[in-house]
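Taking it in order: structure first as structure tokens, then the write-up.
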Amino acid sequence: MTSTVIKIDGMSCAACANKIEKALNKIEGVQKANVNFATEKATIEYDEKKVGLGEFIKIVENLNYRVIIKKTDLKISGMTCAACANKIEKKLSSLPGVKNAVVNFATEKATVEYSDNQVSIADIKKTVKSLGYEAILQEDKVDMDEEKARREAEIKKQTFMFAFSAILSLPLLLYMFAEMFTWQWVPKLIMEPKFQLVLATPIQFIAGWQFYKDSYYALKNKSANMSVLIALGTTAAYVFSFVVTFWGDFIGQESVYYETAAIIITLIILGKLLEAIAKGKTSDAIKKLMGLQAKTARVVRNGEEVDIPIEEVEVGDLIIVRPGEKIPVDGIIKEGYSTVDESMLTGESIPVDKKIGDEVIGATINKHGTFKFEATKVGKDTALAQIIKIVEDAQGSKAPIQRLADVISAYFVPAVIAIAVITFLVWYFFVDPTNFTRALINFTAVLVIACPCALGLATPTSIMVGTGKGAENGILIKGGEHLEKAHKLTAVVLDKTGTITKGQPELTDVIALNSFDRQEVLRIAAITEKGSEHPLAEAIVKGAENQGFKLASPEDFCAIPGHGVEAKIEGKLVLLGNRKLMKDRKIAVDQFEQDIVKLEEQGKTAMLMAIEDKMAGIIAVADTVKDNSKVAIKELLDLGIEVYMITGDNKRTAHAIAKQVGITNVLAEVLPEDKAEEVQKLKAQGKIVGMVGDGINDAPALASADVGIAIGTGTDVAMEAADITLMGGDLKGIPASIKLSKATMRNIKQNLFWALIYNTLGIPVAAFGFLSPVIAGAAMAFSSVSVVTNALRLKRWKYVPGSHK
């Protein structure tokens, strides 16, 4: 039996604790569960073979409480192939208190979700160390300098080892060619087995020591990886040659194979060197993003301007930015105006005008004017820091397609060893009886041609480059699974306001009814809407202010979601909203239907106003369509994707807007709380649905869609709920993200093909005796390099509107 303690948030009384306790005790495998309301903790005794922490968390969350789980990122060094990553992942996942662990071989990163009541970061690090690897807490690193130094040290080490073993291997390579082509001119010393032993021994036990060390930790923990294959194959060739050198006459053998072991190790080290260099390039996107940050800021302190390091900037500091300088942190302009190049954030090359009250983002470039702004977000809270965090998390995540590679990798090395042993036995006893040398050579070739590395790198390297490329184009993808799913979309639902349209409606018409005065209708409508934050309300208020009205505040105000507003002004009850509101209050509007329809057919939103239950006027507001909406929607349709528009507007207005942008599928008169339900209906029809929105009321629909896409000019809540965020407000980011997903998936499939073809063709060829172990070693070394190099081709991806790639 295992015991675990989890911290629970959200319990309001002892009844909550009893409810959770009852639910936990019902789970099969749980012997006893005790929930303490005072300490907010649940202690559970359970059979770990039947149930685990993940199930407990699910049960508690289904009851609408929150289990407090911590998440940490660790940098793992010392992994040589995907089998290493799988081994660490499995071991970390088995720790009591660990909910989930994901180890990514390509990024050399582990992400662990755990309950700190049971397991600490020190325990996690200790576990990784016990497997023979090093774990460094991501938070321990201030910037990329340490990461760069570590990678450079690895490249330097492998360069030295390659040079060391290559120099010693050259005479052995010459011996190999002399044997193959019967060269007579080769010095006799090179043909001497004892001289070859002197050359091969340092390669085997100095350059090859890394493989022995790694194999020891792998076997100690009852697993096997690439290093085990290399150590096994080269040791077999070396030991056989050593025995022949001194006791060849006794066993009736005279051929030695020192060159096989030595050249294989040399080639594998070359492969690791090239792989380390290539892997360094896959994280270029993160380096670029970090390089965007300003190093210093000019701050007003005690009335004086002082230049300070960006790390010392505090919230509330007044910062001066001159033309051509980078804006150091996020903030709001307090004095001056300028134009700012925000292309690093949105991908849009046209500079944006900024005035007092406007928000500025750190790392963007001030073009012309000088201004002062107040810092509102610094350090890890800035937009740039959040973007870097999202990209890092995405690059460390696993796409569902990687599960195939993980499953194969888990069984791969033991299967290869078994095939190698069978190969040896078949050759020795049946194909070429008693020819130990031939059997050994084929045994070694099978071990060496097998390459789990390429398989382990196939998916994560492409995900790294793909998510990085997305960030460069203003597309923030939260994880590999979302990047994978985007290319499968069959339907996209677009919210109207702020997504298809600019979300900045303007007042267009004021029609007075029943002998009410037009000016009076506008004044009362503006006062009514003064307390509302809805874009349509803001348009009315702004329209009235532009006409010179001084607006008081309503005496009473109440928003009615999906219907309109109710207010008390100068002692009178005022209603302002849609037909539903008037119908609910039993106010007749039929006689004015012609006026309303006329406005709606022009794509305007008509709002009806009643004073003291009598129709007083119709106020029309129009929201203009974004410049690129029509082009982006046509591109989605050309990709074979169904496009839907969802809006709270009535059908006539909705269809008028939809017609402007080429949409035929319209979901009109949908209340904010029903958007998620509409998405679910489409999913129930078998469609893979993407939802695009920008507001707080879009968050549930974004979360319920297969892929939620938030417009970056929208609210933080929408971006939090989304899987992909388009940093600009341009809808062309939707087809761009789908095309990036298609390009990435195409690249992953190519990588998996190359990784699998090396093994599926190489292993049988080696087993049938058609492959020299040296050529097998070269193929193994370069399989990983070819996969990483292919992934790097994605860096050339560019969004081309209208193309299908």
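The values are calculated or read from the model by the stated rules, or taken from the named source; none is laboratory data. Model, not experiment: these values are computed from the prediction. Cβ: placed from backbone, ideal geometry, glycine included. Neighbour counts: every protein chain shown. Just the protein is used for accessible areas: all its heavy atoms, side chains included, with ligands, DNA and RNA removed. Shrake-Rupley method; radii C 1.70, N 1.55, O 1.52, S 1.80 Å.
Residue by residue, region 312-327 carries 3J(HN,Hα) couplings of 8, 5, 10, 4, x, 5, 9, 10, 9, 10, 9, x, x, 8, 7, 6 Hz when phi is fed to the Karplus relation 6.51 cos²θ - 1.76 cosθ + 1.60 (θ = phi - 60°); x denotes Gly or Pro. Simple spin-label estimate for residue 117 and residue 138 gives 2.6 nm between the two label positions (7 Å along the Cα-to-Cβ direction from each Cα). The tail of the calculated P(r) for region 240-329, taken as Cα-Cα distances beyond 19 Å, holds 68 percent of the pairs.
For the pair residue 756 and residue 506, label points projected 7 Å from Cα toward Cβ lie 5.7 nm apart. Here the scattering of region 577-712 is modelled by Debye summation over its C-alpha atoms, one equal scatterer each and no solvent; at q = 0.11, 0.18 Å⁻¹ the log10 of I(q)/I(0) is -0.48, -1.07.
Extension gain, residue 793-residue 58: 0.36 nm per intervening residue step, less the Cα-Cα distance, totals 260.5 nm. Just need log10 I(q)/I(0) for region 335-428 at q = 0.21, 0.22, 0.25 Å⁻¹, Debye formula, equal scatterers on the alpha-carbon atoms, no solvent, rounded to two decimals. Listed by q, the Debye log ratios stand at -1.06, -1.11, -1.24. Here residue 572 is the anchor, and the lysines within straight C-alpha reach of less than 20 Å, apart from those fewer than 8 places off in the same chain, are 530, 550, 583, 586, 614.
For the chain, what mean projected area does the convex hull of the alpha carbons give, in nm²? Projected over every direction and averaged, the Cα hull of the chain covers 44.7 nm². What's the angle, to the nearest 10 degrees (0 to 90), between helix 258-282's Cα axis and the longest principal axis of the chain? So the helix axis and the longest Cα principal axis differ by about 10 degrees.
The angle separating the long axis of helix 518-529 from the principal Cα axis of greatest extent in the chain is about 40 degrees.
Counting only protein heavy atoms, what percent of the accessible surface of region 52-144 is carbon or sulfur at a 1.4 Å probe?
Working: 1840 of 3820 Å².
Answer for region 52-144 is 48 percent, counting heavy atoms of protein chains only.
If the segment from residue 18 to residue 800 were pulled out straight at 0.36 nm per residue, it would be longer than the present Cα-Cα gap by 275.7 nm. Once Rg and the Kirkwood radius are both taken over the C-alpha atoms of region 618-694, their ratio Rg/Rh works out to 0.97. Here the gap between residue 630 and residue 27, fully extended at 0.36 nm per residue and compared with their Cα-Cα distance, gives a gain of 211.8 nm. With the convex hull drawn over the C-alpha atoms of region 248-396, the volume per residue is 167 Å³. For residue 68 and residue 558, a Förster radius of 30 Å and the Cβ-Cβ distance give a FRET efficiency of 0.20, rounded to the nearest 0.05.
For region 528-628, the fraction of C-alpha pairs more than 24 angstrom apart is 22%.
In debye, nearest 20: dipole of region 355-446 around its Cα centre with unit charges on the Cβ of K, R (+) and D, E (-)?
Numbers: 9 positive and 8 negative charges, 38 e Å.
For region 355-446, the charge dipole is close to 180 debye.
For residue 134, the amide hydrogen comes within under 5 Å of the amide hydrogens of 77, counting only partners 5 or more places away or on other chains and with H modelled in the peptide plane.
With charges only on Cβ, +1 for K and R and -1 for D and E, what is the dipole size of region 734-805 about its Cα centre, in debye, rounded to 20? Before the final figure, lay out each step's value.
Numbers: 9 positive and 0 negative charges, 115 e Å.
Charge dipole of region 734-805: 560 debye, to the nearest 20.
The accessible area of residue 70, taken with all protein chains in place and a 1.4 Å probe, comes to roughly 100 Å². Panel note: the C-alpha atoms of region 432-544, placed on their principal axes, show extents of 113, 25, 20 Å (largest first).
Could you please report the charge total around residue 116, scoring K, R as +1 and D, E as -1 over all other residues with beta-carbon less than 13 angstrom from its beta-carbon? So the surrounding residues net to +3. Measuring between alpha carbons in the structure, the pairs from 58/478; 334/542; 687/739; 485/681; 502/568 lying more than 24 angstrom apart are 502/568. Here the simple spin-label model places points 7 Å from the Cα toward Cβ, and for residue 515 and residue 591 these points are separated by 1.2 nm.
The order of the peptides 433-440, 193-200 by mean Cβ neighbours within 10 Å, most packed first, is 193-200, 433-440.
Any idea what the dipole of the chain comes to, in debye rounded to 20, about its Cα centre with Lys/Arg Cβ at +1 and Asp/Glu Cβ at -1? Around 2120 debye, computed over the chain. Other residues with beta-carbon under 14 Å from the beta-carbon of residue 508 carry, at +1 per Lys or Arg and -1 per Asp or Glu, a net charge of -2.
If the Kirkwood radius is taken over C-alpha pairs of region 638-770, then at 10 °C and 1.306 mPa s the Stokes-Einstein diffusion coefficient equals 92 µm²/s. Here is the tail figure for region 195-303: Cα pairs spaced more than 19 Å apart come to 62 percent of all pairs.
On the basis of the beta-carbon distance and an R0 of 22 Å, residue 660 and residue 542 show a calculated FRET efficiency of 0.45. Across the chain, Cα pairs under 8 Å and at least six residues apart give a relative contact order of 12 percent. Report the Stokes-Einstein translational diffusion coefficient (µm² s⁻¹, integer) for region 151-230, Rh taken as the Kirkwood radius over Cα pairs, at 25 °C with viscosity 0.890 mPa s. Roughly 168 µm²/s, to the nearest whole number. Classify region 232-275: rounded, prolate or oblate, from the alpha-carbon gyration tensor (a ≥ b ≥ c, eigenvalue square roots; a/c under 1.5 rounded; otherwise prolate if a/b is larger than b/c)? Prolate shape, in that a/c is at least 1.5 and a/b is the bigger ratio. Can you tell me the 0 to 90 degree angle between the C-alpha axis of helix 733-767 and the longest principal axis of the chain, rounded to 10? Tilt of helix 733-767: around 20 degrees.
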